[in-house]
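Engineer: One structure, pasted below without further comment.
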Amino acid sequence: MARISKRVEQLPPYLFVEISRKIAAKKAEGKQVITFGIGDPDIPTPDSVLKRLAETAYDAPNHRYPETEGLPEFRSEVAKWYKSRFDVTVDPATEIMSLIGAKEGIGHISLGLLDPGDIALEPDPAYPVYHVGTLFAGGESVKIPLSESTGWLPDFSKIPSDVAEKAKIIWLNYPNNPTGAVAPLSFFEEAVAFAKKYDIAILNDACYTEVYYDDYRPVSILEVPGAKDVSIEFHSLSKSYNMTGWRIGMAVGNQELIRALFLVKSNLDSGASQAIQHMGIAAMQLSDNEIQARNKQYQDRRDKVVETLQKIGLDVTPPKASLYVWAPVPKGHTSASFATAVLDDLDIVLTPGSSYGEFGEGYIRLSLTISDQDLDEGLRRLNTWTIPKGPG
Ligand SMILES: *Cc1c(COP(=O)(O)O)cnc(C)c1O
């Protein structure tokens with residue numbers, strides 16, 4: 001029997017193992033477990049998008065291998081969407097490629113950019129795939145600690161210049177998972193200036209630009225003049241249009257960075273299914289009203305969750321965007337002790353902030369991708385709960 005590689009063996013432990021075991025045990029006892037854990041929209045894919053799949057499934061050309069870079073129609077729709085949404089001009093021929101979901105592109109791009117030992121700057125807490133990509137490419141991770149005091153934005157002045165000199169890429173993610181933080185354009189301007197000074201590529205994960213609340217509208221890093229010299233952005237149609245199951249997204253920006261991704265992908269996969277790219281086109285053609293109506297549903301959930309958490313004494317700030325409420329745990333608790341208490345006492349699953357990195361310690365994350373019925377039941381349980389004393 002062959003043994004698994006060191007590359008795979010050194011993956012960080014899967015922190016949900018213990019929680020998954022407890023959930024399974026509770027379910028076996030017949031308990032109704034309410035989960036605020038995973039960010040996977042419960043709201044169905046819009047009808048017009050599903051219809052487009054039905055129409056295009058019968059076109060024989062869609063039964064064959066797609067081109068790695070994506071259909072010309074898909075790429076030109078992305079360019080149109082960038083223009084209308086961000087007033088940014090991108091060239092569909094060289095600055096856009098389709099992805100089999102953003103996660104696929106995020107995981108693959110490090111293989112195209114990092115040589116063994118090259119430094120990747122990774123925020124902490126963060127979506128875990130940035131780190132996995134670095135690990136698989138043999139790169140070296142240098143963590144950038146994020147904290148509430150800087151609005152969960154990196155402080156570039158704290159990155160030592162010898163590290164910055166050696167760094168090849170930096171990951172950003174705004175609106176952010178898990179913190180729900182957003183970045184103003186002035187932050188992206190600073191990021192671009194930092195990247196240009198040290199010759200670092202910016203990889204911005206922009207999966208949540210279409211999930212926003214109140215009057216806030218997330219910006220694209222490509223709105224910064226000259227950003228395209230050093231950056232690309234990853235978009236997911238998963239979170240934007242309730243399409244996690246279909247696997248479609250795109251990378252947009254600097255053409256050499258797009259080419260690096262193309263060279264990896266053309267050798268490992270054969271692109272996103274064409275019928276699903278047609279679904280993506282239909283999704284990007286949805287009206288503003290449809291997006292607003294969907295966001296209003298999440299916003300109502302956000303408001304209810306924030307109200308309950310504040311009522312039980314957690315000092316939480318309502319997020320302006322993303323699918324997540326990120327809350328500090330009560331004094332005396334750790335992320336894990338609080339998540340365990342909620343699970344043991346109330347049969348409710350939350351994600352400990354520490355599972356997104358050491359600087360997520362002291363927080364928990366609640367996802368808003370839960371049915372209204374389950375949400376109300378979960379909040380009813382929390383509302384009447386007396387928080388037990390923590391370990392410290
Ligand atoms: C969900 C998520 C992704 C992955 O999106 P897919 O397009 O479904 O692969 C990427 N980044 C972040 C931060 C996410 O939360």
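The values are calculated or read from the model by the stated rules, or taken from the named source; none is laboratory data. This is a predicted model, so every value here is computed, not measured. Cβ: placed from backbone, ideal geometry, glycine included. Neighbour counts: every protein chain shown. Heavy atoms of the whole protein, side chains included, go into the accessibility calculation; ligands, DNA and RNA do not. Shrake-Rupley method; radii C 1.70, N 1.55, O 1.52, S 1.80 Å.
Engineer: Can we say Glu256 is surrounded by fewer than 24 Cβ atoms within 10 Å (Cβ to Cβ) and either among the small types (Gly, Ala, Ser) or touching an Asp or Glu at 6+ places or on another chain (Cβ under 8 Å) (or both)? Give the derivation first.
Structural biologist: Details: surrounded by fewer than 24 Cβ atoms within 10 Å (Cβ to Cβ): yes; either among the small types (Gly, Ala, Ser) or touching an Asp or Glu at 6+ places or on another chain (Cβ under 8 Å) (or both): no.
No, not satisfied.
Residue by residue, here is whether (1) small (Gly, Ala, Ser); (2) free of Cβ contacts under 8 Å to residues at least 40 places away in the same chain holds:
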position	(1), (2)
Ser5	yes, yes
Glu9	no, yes
Gln32	no, no
Phe36	no, no
Asp42	no, no
Asp47	no, yes
Leu53	no, no
Tyr58	no, yes
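Engineer: Restricting the search to region 70-111, which residues are within 15 Å of the ligand (Cβ to nearest atom) and of a type outside the set (A, V, I, L, M, F, W, C)? Don't jump to the end; show me each part of the working.
Structural biologist: Looking only at region 70-111, we keep the residues that are within 15 Å of the ligand (Cβ to nearest atom), and these are 70, 74, 78, 97-110.
Of everything in region 70-111, those that are within 15 Å of the ligand (Cβ to nearest atom) and of a type outside the set (A, V, I, L, M, F, W, C) turn out to be Gly70, Ser98, Gly101, Lys103, Glu104, Gly105, Gly107, His108, Ser110.
Engineer: Give just the number: which of (1) open to solvent by less than 10 Å² (accessible area, probe 1.4 Å); (2) without any contact (Cβ under 8 Å) to a residue 60 or more places away in the chain does His63 not satisfy?
Structural biologist: Unmet for His63, out of (1) open to solvent by less than 10 Å² (accessible area, probe 1.4 Å); (2) without any contact (Cβ under 8 Å) to a residue 60 or more places away in the chain: (1).
Engineer: I've got another one for you. Note down all Cβ pairs under 7 Å where the first residue falls in region 81-92 and is without any contact (Cβ under 8 Å) to a residue 12 or more places away in the chain, the second is open to solvent by 90 Å² or more (accessible area, probe 1.4 Å) and among the hydroxyl-bearing types (Ser, Thr, Tyr), and they're at least six residues apart or on different chains.
Structural biologist: Between residues of region 81-92 that are without any contact (Cβ under 8 Å) to a residue 12 or more places away in the chain and residues that are open to solvent by 90 Å² or more (accessible area, probe 1.4 Å) and among the hydroxyl-bearing types (Ser, Thr, Tyr), the close pairs are Lys83/Thr89.
Engineer: Which count do you get for residues in region 67-84 that are in contact with a strand residue (DSSP E or B) (Cβ under 8 Å, 6 or more places away or on another chain), outside any helix (DSSP H, G or I) and over 12 Å from Gly280 (Cβ atoms)?
Structural biologist: Taking region 67-84 as the starting set, the residues that turn out to be in contact with a strand residue (DSSP E or B) (Cβ under 8 Å, 6 or more places away or on another chain) are 68-71, 74-75, 78-79, 82.
Then drop every residue that is not outside any helix (DSSP H, G or I), which leaves 68-71.
Applying the additional criterion that residues be over 12 Å from Gly280 (Cβ atoms) yields 68-69.
Looking only at that region, the number is 2.
Matching residues to (1) open to solvent by less than 10 Å² (accessible area, probe 1.4 Å); (2) within 16 Å of the ligand (Cβ to nearest atom); (3) closer than 24 Å to Asp288 by Cβ; (4) outside the structural domain of Leu113 (by TED's automatic domain parsing):
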| site | (1), (2), (3), (4) |
| --- | --- |
| Tyr213 | yes, no, yes, no |
| Arg217 | no, no, yes, no |
| Ser220 | yes, yes, yes, no |
| Gly226 | no, no, no, no |
| Phe234 | yes, yes, yes, no |
| Ser238 | yes, yes, yes, no |
| Met243 | yes, yes, yes, no |
| Gly249 | yes, yes, yes, no |
| Val252 | yes, yes, yes, no |
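Engineer: Can I ask one more? Residues in region 285-340 that are over 19 Å from the mean Cα position of the chain (by Cα) and of a type in the set (A, V, I, L, M): how many?
Structural biologist: Going through region 285-340 one residue at a time, the tally reaches 11.
Engineer: Let me ask something else about it. Restricting to region 357-378, name every residue that is farther than 14 Å from Ala327 by Cα and either more than 28 Å from the chain's Cα centre (by Cα) or buried (at least 20 other Cβ atoms within 10 Å of the Cβ) (or both). If you could, list the steps in order and put the result at the bottom.
Structural biologist: Taking region 357-378 and keeping what is farther than 14 Å from Ala327 by Cα, we get 357-358, 369-378.
Gly357, Thr369, Ile370, Leu375, Gly378 - these are the residues of region 357-378 that are farther than 14 Å from Ala327 by Cα and either more than 28 Å from the chain's Cα centre (by Cα) or buried (at least 20 other Cβ atoms within 10 Å of the Cβ) (or both).
Engineer: Can you tell me how many residues in region 16-50 are part of a helix (DSSP H, G or I), open to solvent by 70 Å² or more (accessible area, probe 1.4 Å) and at pLDDT below 95? Walk me through it before giving the result.
Structural biologist: Our first condition is that a residue be part of a helix (DSSP H, G or I); within region 16-50, this holds for 17-28, 47-50.
Add one more test, that the residue is open to solvent by 70 Å² or more (accessible area, probe 1.4 Å), and what stays is 17-18, 21, 27-28, 47.
Going one step further and asking which of them are at pLDDT below 95, we end up with 17-18, 21, 27-28.
Within region 16-50, residues that are part of a helix (DSSP H, G or I), open to solvent by 70 Å² or more (accessible area, probe 1.4 Å) and at pLDDT below 95 number 5.
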